[in-house]
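Below is one structure, written out as structure tokens; the observations come after it.
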Amino acid sequence: MIKGILFDFNGVIIDDEPIQMKAYQEILGKEGIALTEEEYYSCLGMDDKTFVEAAYARAEKEPETNKVLEITQAKSAKWRELIADELPLFDGAGDFIKKMANDFALGIVSMARRDEIEFVLERAGLRESFSIIVSAGDVENCKPHPEAYLKGFNALDSYRIKQQHLPMVHGECLVIEDAPPGIVAGKKAGLKTLGVTNTVSAEELRQAGADVVTKKLDDWMPDSVRRVFV
């Protein structure tokens, strides 16, 4: 029976993959590096540093000292500017999170920067729903490596134990992901996986190993999570 849920962030809670891409296209373009939509989506699961290094490698260029950090910081600033007027949460995401928080311990496992995650959750009034956050700065390996989800599971389990609950086993923790690298990472960590077709097709999520695929999250209730993931 599911006792905890680990959410990806970009593409699951906030509908900002196109916004992230637009910000990167503008910032990298100033460096003479083009970024196509195909190239952007081929890099799902990467943190910002790895993403920028990959863009330079594709262009067969070598970044100057501190250039990668400069670009990632500029991207983050541009991203904040683009979402300043309206927070692009997926329809029903907030309600779904609040429903799940009543019955399960929740955490976030993302390759986004922690300050970006906290910024969105605070503005959306969702920060208190999440007990733990694992962000890009907490791990050495990007998804599809399982490190982030293993750390997320351990942190969520520790939180539950402090709340006087019995320890979880890996099969009692659910991962919610929108991209194949995240599904693979969750499966490698021994966790259940729910793929949501916000970013890629159902077939791509199934090929990555998703246990279940859904078109939208807000139809799900805590009881349906328990019933489906046994």
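Just so it is clear, none of the values below were taken in a lab; they were calculated from the coordinates. The structure presented is a predicted model; accordingly, all values stated were derived computationally and were not measured. Neighbour counts run over all protein chains shown; Cβ positions are idealised from the backbone, glycine included.
Quick look at the values:
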| read-out | value |
| --- | --- |
| 222 nm mean residue ellipticity, helices alone, for the chain (DSSP H n ≥ 4; -39,500 (n - 2.57); rounded to 500) | -13500 deg cm²/dmol |
| Highest-MSF residue in the chain out of PHE104, PHE119, PHE51 [GNM, Cα springs under 10 Å] | PHE119 |
| When the range 92-186 is reduced to its Cα atoms, the Kirkwood hydrodynamic radius in Å | 13.9 |
| Interchain or long-range residues, amide H under 5 Å from LYS192's placed H | CYS173, VAL175 |
| Net charge of Cβ neighbours under 12 Å - reference LYS192; Lys, Arg +1; Asp, Glu -1 | 0 |
| Stokes-Einstein diffusion coefficient of the range 17-82, Kirkwood radius over Cα pairs, 20 °C, 1.002 mPa s, in µm²/s | 183 |
| Space enclosed by the convex hull of the alpha-carbon atoms of the chain, per residue, Å³ | 113 |
